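A.B. asks: My questions will all concern the structure given below.
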Amino acid sequence: MLNLQDPDSMIFNPIGDLVLDSQADAELIIVHHLGFADQSVYRLALTLNGVPAQVDDTIFATSTYGTILVSDRDAGDAGIVYAITKDIFAPDGAYTATPNSVGALDFSTGVITNVVSGMVSPHGMAFIPGR
């Protein structure tokens, strides 16, 4: 059963598919060709360290250089906003927030690899192109 806890956790991927975080189900719902006669829906099971991984937000790098902003809303009294930078982002690379980390997401397998861990409760992500 689909359990949509946070309906605003959706984004369009670089090829125009609608991507929705189905948090409690540890999967992404991908709607391909939204609104067209050949519309189709896929589920991508997500794993981190070999176990199902709940996610809050998923974003896509829109340029090779830039910054991921992520809010760790339960860290400290007022929360913390982190800026995550890399020398080079993979073109159209997917990144997602797990319960205590931000990870790179292999969109073909659903495997998440931690980029930053040790967060309290990461939510709300955005990619800001730069350089």
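The values are calculated or read from the model by the stated rules, or taken from the named source; none is laboratory data. Please read these numbers as outputs of a predicted model, since none were measured by experiment. Note that each Cβ is placed from the backbone with ideal geometry, even for glycine, and that neighbours are counted across all protein chains shown.
A.B. asks: Kindly list the number of the only condition in (1) surrounded by fewer than 13 Cβ atoms within 10 Å (Cβ to Cβ); (2) closer than 17 Å to Met119 by Cβ that fails for Ala53.
C.D. replies: Only one criterion in (1) surrounded by fewer than 13 Cβ atoms within 10 Å (Cβ to Cβ); (2) closer than 17 Å to Met119 by Cβ is unmet by Ala53, namely (1).
A.B. asks: Consider Gly16 carefully, then state whether it is in contact with a Leu (Cβ under 8 Å, 6 or more places away or on another chain) and either surrounded by fewer than 20 Cβ atoms within 10 Å (Cβ to Cβ) or over 19 Å from Gly103 (Cα atoms) (or both).
C.D. replies: On the way: in contact with a Leu (Cβ under 8 Å, 6 or more places away or on another chain): yes; either surrounded by fewer than 20 Cβ atoms within 10 Å (Cβ to Cβ) or over 19 Å from Gly103 (Cα atoms) (or both): yes.
Yes: the conditions hold for Gly16.
A.B. asks: Take the residues in the range 19-36 that are within 13 Å of the chain's Cα centre (by Cα) and modelled with pLDDT under 90; name whichever of them is surrounded by the fewest Cβ atoms within 10 Å (Cβ to Cβ).
C.D. replies: Once the filter is applied, the top-ranked residue is Gln23.
A.B. asks: Tell me, which residue of the range 56-100 that is buried (at least 17 other Cβ atoms within 10 Å of the Cβ), among the small types (Gly, Ala, Ser) and closer than 16 Å to Pro122 by Cβ is modelled with the lowest pLDDT?
C.D. replies: Checking each candidate, the answer is Ser71.
A.B. asks: Which of (1) polar (S, T, N, Q); (2) under 20 Å from Gly16 (Cα atoms); (3) surrounded by 20 or more Cβ atoms within 10 Å (Cβ to Cβ) does Gln39 not meet, given it meets every other one?
C.D. replies: (3)
A.B. asks: So, in the range 23-42, how many residues would count as being over 19 Å from Thr113 (Cα atoms) and in a strand (DSSP E or B)?
C.D. replies: 7
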